[in-house]
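> Sending over a structure as structure tokens; questions will come in a sec.
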Amino acid sequence: MRPDAVRRVLDAELIAARERRGGAPRVLDVGGGSGVLAVPFAVDGCSVTVVDPSPNALATLHRRAQEAGVSDRITAVQGDSDVLGELVKPASADLVLAHGLLEFVDDPVATLSAMAGAVAPGGALSVLVANRYAAVLQRVLSGKLIDARRLFDHETGALGVSGEALLRRFDTEGLRALLTGAGLTVELLQGQSVVSDLVGGSVLESSPAAVEALAELEALAALTPPLRDIATRLHAVGRG
Ligand SMILES: C[S@@+](CC[C@H](N)C(=O)[O-])C[C@H]1O[C@@H](n2cnc3c(N)ncnc32)[C@H](O)[C@@H]1O
């Protein structure tokens, strides 16, 4: 398995929440879509609420939850982050997730402020976003130089083509400023998949030592600029 600095941080957050509450941690996954995170968290004993406007994604979530036998631990709410305050109670979640969400919403600051209101005392907000500079490098590496230049030049790091759903990508300082602007204290800012996406499967299959070496390098690179700043995704943890 490839190392994942984000999951490690979230697991630590959930252990702390379990100890604090003496019971199942409550997770709110906004834009949680088809349950890529919600289902594993429910399997680990969390009580998870997913808010997402897409009926198709929520149908997949229901199916996955049933298959994993955790339907009773997942609440699916069809709705938009714009009206989050009407959909979930204030201060009701130990861990609030905005993973792959802020790229698509109309107003990221308003979205984060509303999400911060859902964090229970002692809880945290986890934000995972696409890194615009990683996107530029990935286009270059795959020979798409015109797209790379478009991404580089675009005001918000989108491609700027019609029909594109994604409105923006982020850089490290832009992400930090966003959380701060929403009234949050940034406790951690790290990269996800700094070096691990660059290593071929055959290298890892060849020896357990390679897996361990990659895990160690990824953990260091995730927190070390400038390597952190070219990670595929940027991850921030904020508290109110
Ligand atoms: C790229 S997917 C991310 C899914 C999941 N969070 C993950 O990390 O794999 C984006 C999700 O955000 C949802 N979404 C888009 N705009 C939204 C909004 N305004 N409020 C809530 N969810 C939204 C989409 O329906 C989709 O399921």
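Values quoted throughout were computed directly from the atomic coordinates according to the rules given, and no laboratory measurement underlies them. Quick caveat, the model's predicted, so the values are computed rather than measured. Cβ coordinates were reconstructed from backbone atoms using ideal geometry, including for glycine residues, and neighbour counts include every protein chain displayed.
> If I go through segment 101-112 residue by residue, how many of them are more than 9 Å from the ligand (Cβ to nearest atom) and touching a helix residue (DSSP H, G or I) at 6+ places or on another chain (Cβ under 7 Å)? Spell out how you get there, then give the answer.
To start, the set of residues in segment 101-112 that are more than 9 Å from the ligand (Cβ to nearest atom) comprises 102, 107-110, 112.
The next check asks that each one be touching a helix residue (DSSP H, G or I) at 6+ places or on another chain (Cβ under 7 Å); those that pass are 102, 108-109, 112.
Here the count works out to 4.
> To continue, here is another question. May I ask you to say which residue of ALA120, ALA93, ALA98 is closer than 12 Å to LEU28 by Cβ, in contact with a helix residue (DSSP H, G or I) (Cβ under 8 Å, 6 or more places away or on another chain) and not charged (D, E, K, R)?
On inspection, the qualifying residue turns out to be ALA98.
> Turning to a different aspect of this structure: Looking only at segment 62-82, filter to residues that are surrounded by fewer than 18 Cβ atoms within 10 Å (Cβ to Cβ) and under 20 Å from the mean Cα position of the chain (by Cα); which one of those is nearest to the ligand (Cβ to nearest atom)?
Among residues in segment 62-82 that are surrounded by fewer than 18 Cβ atoms within 10 Å (Cβ to Cβ) and under 20 Å from the mean Cα position of the chain (by Cα), the one nearest to the ligand (Cβ to nearest atom) is ASP80.
> For segment 1-33, enumerate the residues that are outside any helix (DSSP H, G or I) and under 20 Å from GLY117 (Cα atoms). First the steps, then the outcome.
Within segment 1-33, the subset outside any helix (DSSP H, G or I) is 1-4, 22-33.
If the condition is that a residue be outside any helix (DSSP H, G or I) and under 20 Å from GLY117 (Cα atoms), then PRO25, ARG26, VAL27, LEU28, ASP29, VAL30, GLY31, GLY32 are the ones that fit.
> Any chance you could count how many residues in segment 64-106 are free of Cβ contacts under 8 Å to residues at least 24 places away in the same chain and within 28 Å of GLY174 (Cα to Cα)?
Residues in segment 64-106 being free of Cβ contacts under 8 Å to residues at least 24 places away in the same chain and within 28 Å of GLY174 (Cα to Cα): 1 in total.
> Restricting to segment 121-137, name every residue that is within 16 Å of the ligand (Cβ to nearest atom) and outside any strand (DSSP E or B).
ARG132, ALA134, ALA135
> Also: From the list ALA215, ALA236, which residue is assigned to a helix (DSSP H, G or I), within 25 Å of ALA12 (Cα to Cα) and touching a Ser or Thr at 6+ places or on another chain (Cβ under 9 Å)?
ALA215
> Could you say whether any residue in segment 24-36 is within 30 Å of HIS154 (Cα to Cα), surrounded by 15 or more Cβ atoms within 10 Å (Cβ to Cβ) and more than 12 Å from the ligand (Cβ to nearest atom)?
No, that holds for no residue.
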